[in-house]
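I have placed the structure first, in the form of structure tokens, so that the comments after it can refer back to it.
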Amino acid sequence: MAGFRSLSSGLRALQPGAFGADPSGERMARIRRSPHFRDGVFQNPGGPARTRPSGSALEFAKVFFDKETRPRRSPEGTVPVHATTLADIARPPATGLRLTWMGHSSVLAEIDGRRVLFDPVWGERCSPFPFAGPKRLHPVPLPLAALGPVDVVVISHDHYDHLDMPTIRALAGTDTLFAVPLGVGAHLEHWGVSAGRLRELDWHETTKAGGLTLTATPARHFCGRGLRNTQHTLWASWVVAGDEHRIYHSGDTGYFDGFKEIGAEHGPFDATMIQIGAYSDFWPDIHMTPDEGMRAHLDLQGGPEHGPMLPIHWATFNLATHPWAEPGEGTLAAARAVGARIALPHPGEPFEPTAETVPSKPWWRGVALAPAGGFMAGEALADATIRTTSNAAAVAQADTLSDGDGQAGTGAEDPETLPAG
């Protein structure tokens, strides 16, 4: 037995620091007391969610390595990153609320005089290894050191494309607070963040930070960074409210009825940041398609007349088999179909959600391989999407009647030899 223990200790010593640390002690005791932790794992709202590719490995390999479709998963040209991000955010927002999408799910929110940084990933790869794993398709709009003071860093969950060890270690040397889901604090402490700067929340728990109220809200996803996926760290969406404004960040999630409950309790919002990329029929339930993302936005807002939706979790890393530009095109179509307001900034382009105008041009078309029939535009796009949305609604209703679950989500995840989504 001693030999086995030595081998186990040796293997742990070889693990990269990016794997983080498993919860233990009082943190693990608190996890076990959570009403959302059962049978040794955190449970999803709406029932179990499939988190690995469905179907056979051969079927997946045929799609993943297809020579015709694979080139469309990356931009054809250089992704246009906003050139004046630093100068733009040096001025205070005129309306009191400004969002700057840094790419993927990383967003700087300036809200009522405070600065909140969601899911900051400044690393070149979303991976525990510097030499392997999904690589950036565009540079970060500005260096992390140039960003200036941040009041709160908010983490949605511990996958590599949302929780980046080099970024956290850089921020650990500042005065920022960290709001994280239950259990995720173990990783941050392992990387040098002091326990006194952690605010670790279960779903529906709230913390105050510098005049802001931050609430962890449910999401339909999963967790894990190492070779063993213990499911001992929670995943969450987040509501951040100031004196005048309130915003919502979805993290990663499949569509579920809980969006309506979150909206009823905390909304409507001046802006939502909604995951709409890295979906696939091979791994349903845990990521949303653009149509589902729009449904979630409308659920949260109670209709299309409230603040805009910022699509996130796309364009920066290649994490699924759909074309690179498809999430943007799908979101544009879904918004036009229902008359919803969306913001479509370049990476690094600040905008104020409550201003009269927000960025709205499909910037990705200049660097994406066009579909066989070309990019749709105007009325043709809206008409086609109305039919698609109607069909999706019919399917969702049929699912609800047949099994009582109501989960119409076709989500996505990085094909997980490494949990990156």
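Some notes on this structure:
So that you can scan it fast, the table gives a plain yes or no per residue for (1) closer than 16 Å to ILE168 by Cα; (2) touching a residue at least 24 places away in the same chain (Cβ under 8 Å):
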residue: THR84; (1), (2): no, no
residue: PRO93; (1), (2): no, yes
residue: ARG98; (1), (2): no, yes
residue: PRO120; (1), (2): yes, yes
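- Residues in region 63-86 that are outside any loop (DSSP other than H, G, I, E, B) and either at pLDDT 75 or above or polar (S, T, N, Q) (or both): ARG70, PRO71, ARG72, ARG73, THR85, LEU86.
- Candidates GLY17, GLY47, GLY3, GLY10 - the one that is among the small types (Gly, Ala, Ser), in contact with a His (Cβ under 9 Å, 6 or more places away or on another chain), at pLDDT below 95 and open to solvent by less than 80 Å² (accessible area, probe 1.4 Å): GLY17
- Residues that are open to solvent by 40 Å² or more (accessible area, probe 1.4 Å) and part of a loop (DSSP other than H, G, I, E, B), drawn from region 350-373: THR354, GLU356, THR357, SER360, LYS361, LEU369, ALA370, PRO371, ALA372, GLY373
- Looking only at residues of region 103-126 that are open to solvent by 20 Å² or more (accessible area, probe 1.4 Å) and in a strand (DSSP E or B), we find that the one that is farthest from LEU147 (Cα to Cα) is ARG125.
- One residue stands out among those in region 268-301 that are over 20 Å from SER105 (Cα atoms) and modelled with pLDDT under 95: the one that is least open to solvent (accessible area, probe 1.4 Å), which is PHE282.
- Answer from THR100, THR167 - the residue that is assigned to a helix (DSSP H, G or I), closer than 22 Å to PRO350 by Cα, within 20 Å of the chain's Cα centre (by Cα) and of a type in the set (Ser, Thr, Tyr): THR167
The values are calculated or read from the model by the stated rules, or taken from the named source; none is laboratory data. What you see is a predicted model, and the numbers here were worked out from it, not measured in a lab. Ideal geometry is used to build each Cβ from the backbone, glycine not excepted, and the neighbour counts take in all protein chains shown. Ligands, DNA and RNA are stripped out before the accessible areas are found, and what is left, the full protein with its side chains, is counted by its heavy atoms. Shrake-Rupley method; radii C 1.70, N 1.55, O 1.52, S 1.80 Å.
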